[in-house]
Amino acid sequence: MTSPNRIRIPILAVAAIALGLAVVGGILLVGRVGVPDATPSPTIATSPAPTATPTPVPTDPLSTPEGAARAFFDAYSAARRTDDPAAVASLVTGTESSAYLSVAGFLAGQKALGKASVVTIQRLDNLATTIDGDTATVTFDYTEGGYDIDLASASPLESPQVLPAYRVTVSLQRVAARWLVDAYTSRP
């Protein structure tokens with residue numbers, strides 16, 4: 001006779017995957033709502049329009065404090081899938097920095113529990129940057145969503161969730177014309 005728990009596990013796994021796909025599909029659909037049509041509407045010019053020089057977009061995300069903060073959190077999210085903090089090492093002031101030690105400590109705890117995470121939603125909203133010489137502070141509201149997985153099998157351990165937003169403050173230092181994360185703090 002087959003145990004009811006033995007039957008539920010594959011059903012729960014399939015349901016979790018279906019729910020994850022539904023969430024991702026919903027995000028993609030919602031992301032398209034309100035997107036303006038790519039065809040410009042005709043305008044009538046009554047005077048010559050001033051010409052503007054386009055602002056160059058930096059190719060190195062570490063060339064600005066905001067870009068460095070975004071790159072750090074992107075790398076941190078990627079590192080959560082494998083519990084390997086090496087992904088953030090080139091984005092911090094050093095492996096002895098508070099930022100690196102926080103990431104390494106969290107990932108070591110996850111690894112000790114035999115789990116990792118898949119981040120499916122990551123938003124940095126309401127960014128504000130303050131620069132003072134070779135130091136900078138970037139603050140933002142951080143929203144994150146995803147689910148935990150078994151580290152060995154990559155099987156989902158839970159359904160996808162979106163956590164409430166919280167305020168993050170990132171401290172950065174300019175080192176050889178690149179901004180690197182030194183520390184970060186968060187609060188609700």
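The values are calculated or read from the model by the stated rules, or taken from the named source; none is laboratory data. Every value quoted in this text rests on a predicted model; they were computed, and no experiment measured them. Here the Cβ positions follow ideal geometry from the backbone for every residue, glycine too, while neighbour counts run over all protein chains shown.
Conditions tested, residue by residue: (1) modelled with pLDDT under 95; (2) at negative phi; (3) acidic (Asp, Glu).
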{"position": "Thr46", "(1), (2), (3)": "yes, yes, no"}
{"position": "Pro50", "(1), (2), (3)": "yes, yes, no"}
{"position": "Pro61", "(1), (2), (3)": "yes, yes, no"}
{"position": "Glu66", "(1), (2), (3)": "no, yes, yes"}
{"position": "Asp74", "(1), (2), (3)": "no, yes, yes"}
{"position": "Ala78", "(1), (2), (3)": "no, yes, no"}
{"position": "Arg81", "(1), (2), (3)": "no, yes, no"}
{"position": "Pro85", "(1), (2), (3)": "no, yes, no"}
{"position": "Leu91", "(1), (2), (3)": "no, yes, no"}
Which residue pairs have Cβ atoms under 7 Å apart, sit 6 or more places apart or on different chains, and have a first residue in segment 157-174 that is more than 12 Å from Thr93 (Cβ to Cβ) and a second that is of a type in the set (Gly, Ala, Ser) and assigned to a strand (DSSP E or B)?
-> Pro160/Gly145; Pro160/Gly146; Gln161/Gly145; Val162/Gly145; Leu163/Gly145; Tyr166/Ser186; Arg167/Ser186; Val168/Ser186
So which residues in segment 125-172 are in contact with a helix residue (DSSP H, G or I) (Cβ under 7 Å, 6 or more places away or on another chain) and among the hydrophobic types (A, V, I, L, M, F, W, C), if there are any at all?
-> Leu127, Ile131, Ala136, Val138, Leu151, Val170, Leu172
Under the condition of being assigned to a loop (DSSP other than H, G, I, E, B) and acidic (Asp, Glu), which residue from segment 72-118 is nearest to Glu158 (Cα to Cα)?
-> Asp83
Filter pass, Gly146 being modelled with pLDDT of 95 or more, closer than 19 Å to Ala79 by Cα, of a type outside the set (A, V, I, L, M, F, W, C) and outside any loop (DSSP other than H, G, I, E, B) = yes
Residue satisfying condition, being of a type outside the set (A, V, I, L, M, F, W, C), in contact with a strand residue (DSSP E or B) (Cβ under 9 Å, 6 or more places away or on another chain) and either modelled with pLDDT of 95 or more or within 22 Å of Leu62 (Cα to Cα) (or both), within set Thr95, Thr120 = Thr120
Matching option when the condition is more than 18 Å from the chain's Cα centre (by Cα) and either among the small types (Gly, Ala, Ser) or not in a helix (DSSP H, G or I) (or both), among Ile131, Ile121 | Ile131
Taking segment 149-168 as the search range and keeping residues that are assigned to a strand (DSSP E or B) and surrounded by 15 or more Cβ atoms within 10 Å (Cβ to Cβ), which one is nearest to the chain's Cα centre (by Cα)?
-> Val168
